[in-house]
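Data block below; observations after.
The values are calculated or read from the model by the stated rules, or taken from the named source; none is laboratory data. Computed from a predicted structure; not experimentally measured. Quick reminder, even Gly has a Cβ in these numbers, built from the backbone with ideal geometry, and neighbours come from all protein chains shown.
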Amino acid sequence: MIDAVRAQVAKNPGKRATAVGVRIGALAGVDGESLQFGFDAIVRDSDVEPLRLVIEHAEADELDLAWIEVEDL
Amino acid sequence: MTEVVILEKKVLNENQRLAAELRERFARAGTLVVNLISSPGSGKTRLLERTLESLPAGVRAAVLTGDIQTDADATRLARFGFPVRQITTGGTCHLDAKMIDWHLEGWDLDALDILFIENVGNLVCPSSYDLGEEAKIVLLSVTEGEEKPLKYPSIFFKSKLILLTKIDLLPYVPFDYALACANARSVNAEADILGVSCQTDTGLREWMEWLGAKLPATELQPR
C-alpha cells in the first residue's frame, strides 16, 4: 500500500499524499485494527508521514486499494 | 488543492499476478495443486503422511511444506520417497505465491500429478494469499471447537473442502459435529465436508476419492 502511495506521488510532482482508502470485506481475512496498527507503525518517521488510513467496509472477500488523496505541497 | 485519485487496485495485486502465472503453469503441466490450511496441530502433516503412504504406485506427488521455523515437517514427509521441500518463512505467518515460485525451482512440473502445499499453521492470513492452487482445503480438528467457521469465516468461505479431523476423539471431547457442519455450511454452502481420522483411517477413502475426482486419470484409494 505504501509502495502504491509512493508510486502515485511520483506520478504527481509537486503533490503529497494525505490519505489512502482501503476497502476490506468481512471475508478478506484482514483485521482492520491490525492493519491500522501496522500502517501507523510504517508511516511514522517515514517519507510519507503524515498519511491517514481510511478503512471502508466492503462485501465478501474484497480487499482493494480504493483511492489516494493528494494535495499540493 | 486537494484531489482524490481513484485506484481500485487489489491490495495483493502482485501476489495475485504471480498466482495467476503459477495457476497457468500448473494447468499446462496437468499438475493438481491443493493448499492445506488449518490452525497449528489440526493434523495437516499427519494427513499428508497417511496420504503419501496411501498413494497408488505410479502417482507422482510432491510436497511444499511451510513453517515459521524448523524443517521438522519436511523431515517427516520425506520418509515416503516423494520430493519434499520445506519453506521456512522466518516469522511470516503464511505462504505467498512468490515463496511457492522460488521453491518450485528445479522441479519438473510435467513430472508431477499432484503437488500438496502445507501452509503455515494459521486460520487467518493464509486465506488471503492465492498460491495458484486448484483448491484450498481447510482442516478443523474436533479439539478446536465447532464455532471456528464462524470466527474465521474467510478460510472456510474460500475452501472447496472442509476436513473435520481427529474424529476418533469425538467420544472424548465436547464437540458437536452436526453444529460444526452447520456452521461451516452457513459460511460456505458449496464446500464438501468430510470427517477423517488418521488413527482409525475413518474417512480416508472418501478423502482419497475426493482427490482422485480431481485427477481423472488416476484412481486413488488408500492402501
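Worth a mention:
- Residues (more than 10 Å from chain A (Cβ to nearest Cβ) and of a type in the set (Lys, Arg)) located in the stretch B:1-33: B:Arg17, B:Arg23, B:Arg25, B:Arg28
- Failed item in (1) in a strand (DSSP E or B); (2) within 13 Å of chain B (Cβ to nearest Cβ), with A:His57 passing the rest: (2)
- In the set (1) in a loop (DSSP other than H, G, I, E, B); (2) in contact with a strand residue (DSSP E or B) (Cβ under 9 Å, 6 or more places away or on another chain); (3) at pLDDT below 95, B:Ser154 fails one condition alone, (1).
- Given (1) aliphatic (A, V, I, L, M); (2) within 24 Å of B:Thr31 (Cβ to Cβ); (3) part of a helix (DSSP H, G or I); (4) within 14 Å of chain A (Cβ to nearest Cβ), index of the condition B:Ala184 fails: (2)
- B:Glu14 vs. criteria acidic (Asp, Glu), at pLDDT 95 or above and assigned to a helix (DSSP H, G or I): no
- Tally, over the stretch B:103-130, of residues that are more than 14 Å from every other protein chain (Cβ to nearest Cβ) and either closer than 27 Å to A:Asp64 by Cβ or among the hydroxyl-bearing types (Ser, Thr, Tyr) (or both): 1
- Being among the aliphatic types (A, V, I, L, M), under 17 Å from B:Val34 (Cβ atoms) and crowded, with 17+ Cβ neighbours inside 10 Å is not true of B:Val187.
- Scanning the stretch B:130-150 for residues that are more than 26 Å from B:Lys214 (Cβ to Cβ) and not polar (S, T, N, Q) yields B:Glu144, B:Gly145, B:Glu146, B:Glu147, B:Leu150.
- Verdict on A:Asp3 being assigned to a helix (DSSP H, G or I), under 30 Å from B:Phe157 (Cβ atoms) and at pLDDT 95 or above: no
- One residue from B:Ser197, B:Ser141 being within 17 Å of B:Asn122 (Cβ to Cβ) and small (Gly, Ala, Ser): B:Ser141
- Considered as a group, the residues in the stretch B:90-106 that are surrounded by 16 or more Cβ atoms within 10 Å (Cβ to Cβ) and of a type outside the set (Gly, Ala, Ser) include one that is farthest from B:Arg28 (Cα to Cα), and that residue is B:His94.
- Scope the stretch B:186-206; condition among the hydroxyl-bearing types (Ser, Thr, Tyr) and more than 18 Å from the chain's Cα centre (by Cα); matching residues: B:Ser186, B:Thr200, B:Thr202
- For the criterion of being surrounded by fewer than 17 Cβ atoms within 10 Å (Cβ to Cβ), facing another protein chain (nearest Cβ under 9 Å) and either more than 16 Å from B:Glu3 (Cα to Cα) or modelled with pLDDT under 90 (or both), A:Ala28 fails.
- The residues of the stretch B:113-148 that are in contact (Cβ under 8 Å) with a residue 60 or more places away in the chain, over 15 Å from B:Thr45 (Cα atoms) and aliphatic (A, V, I, L, M), listed by number, are B:Ile114, B:Leu123, B:Leu131, B:Ala135.
- Candidate set: the stretch A:37-53, residues that are hydrophobic (A, V, I, L, M, F, W, C) and exposed (fewer than 13 other Cβ atoms within 10 Å of the Cβ); chosen: the one nearest to B:Cys125 (Cα to Cα): A:Phe37
- For the stretch B:132-163, the tally of residues that are away from every other protein chain (no Cβ under 14 Å), of a type in the set (A, V, I, L, M) and within 22 Å of B:Leu32 (Cβ to Cβ) stands at 6.
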